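Worksheet for the structure shown next.
Read-outs: derived from the displayed coordinates by stated rules, not from any lab. All values reported here derive from a predicted model rather than from experimental measurement. For neighbour counting, all protein chains shown are included, and Cβ atoms are generated from backbone atoms with ideal geometry for every residue, glycine included.
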Ligand SMILES: [Zn+2]
């Protein structure tokens, strides 16, 4: 049973959200991890009823869900206002478990009505021991994590590289030193013409008041050297049960690493 299913059972009637099973008419809805929630249309304020799944499971037989969630713009997240027809993207708490790669990700959007409740109850649960467990705040981060692990890489190194690579770019290319980099940094895999692949990190930057996505290649050499340099620090770090391995986490690791190096000198 997924953590969110346990969560749902335990928190009966104690949450704002109404859980309903849309019934057997639609086979896709038979799974009881579907929940229905009402939200306000961001444009006209009309009530939109959204049904979504709280639990996604990747197995040998079911790989397609991974393909869908690897795209943060997936239809899974989309809904339409019945009144003004505006398209809205929804983010909601869910659990993503990949039994092939042994991954257990919790998506808990910051500020979601269930956020507080989730953290109040989450310590009581222990789902999928031995799996890599991560907490992520939105569907873009979930997609990023899926891409990193699919590429056979360590997300801790990638998060550190996102910071280091941007610093190196600013040092090497003065035109970027004055560009404002947002906190949206993504890992991508691109196929090259000669059948190989490129790993890259893309940064959303603000240039002349406009947002722009700039990709930079992350070479295997760069990744490996970060891995080598940070391995001793990473081995000392105790990972929390629901660790959010993101920007803040990576800055902390870099700081710890620098302190240690400083002491030795
Ligand atoms: Zn509307």
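Taking R0 as 22 Å, what FRET efficiency do you get between residue 248 and residue 87 from their Cβ-Cβ distance, rounded to the nearest 0.05?
Values: r = 31 Å, r/R0 = 1.43.
Calculated value: 0.10.
Can you sort 207, 60, 227 from fewest to most other Cβ atoms within 10 Å of each residue's own Cβ?
Details: 207 13, 60 7, 227 16.
Starting with the residue having the fewest Cβ neighbours, the order is 60, 207, 227.
Between residue 170 and residue 43, what FRET efficiency follows from the Cβ-Cβ distance if R0 is 25 Å, with the result rounded to 0.05? It would help to have the intermediate numbers written out before the result.
Working: r = 39 Å, r/R0 = 1.54.
The value I calculate is 0.05.
Using Cα pairs closer than 8 Å and at least 6 residues apart in sequence, work out the relative contact order for the stretch 82-240, in percent.
It comes to 13 percent, rounded to a whole number.
With springs connecting C-alpha atoms under 10 Å apart, model the chain as a Gaussian network and identify which of 62, 208, 198 has the largest mean-square fluctuation. It is 208. Normalised by the number of residues in the chain, the mean separation of alpha-carbon contacts (under 8 Å, six or more apart) gives a relative contact order of 13 percent. Once both labels are positioned 7 Å from their Cα atoms along Cα-to-Cβ, the gap between residue 76 and residue 36 label points is 2.2 nm. Computed from label points 7 Å out along Cα-Cβ, the spacing between residue 219 and residue 64 is 4.1 nm.
Which order do the peptides 127-133, 232-238 come out in when sorted by mean C-beta neighbours inside 10 angstrom, highest first?
Values: 127-133: 14.6, 232-238: 12.0.
Ranking the peptides 127-133, 232-238 by packing returns 127-133, 232-238.
Based on C-alpha pairs under 8 angstrom that are at least 6 apart in sequence, the stretch 155-264 has a relative contact order of 27 percent. Estimated from helical segments only, the mean residue ellipticity of the chain at 222 nm is -10500 deg cm²/dmol, where each DSSP H run of four or more residues counts as -39500 (n - 2.57). Taking Cα atoms only, the orientation of helix 139-150 departs from the longest principal axis of the chain by about 60 degrees.
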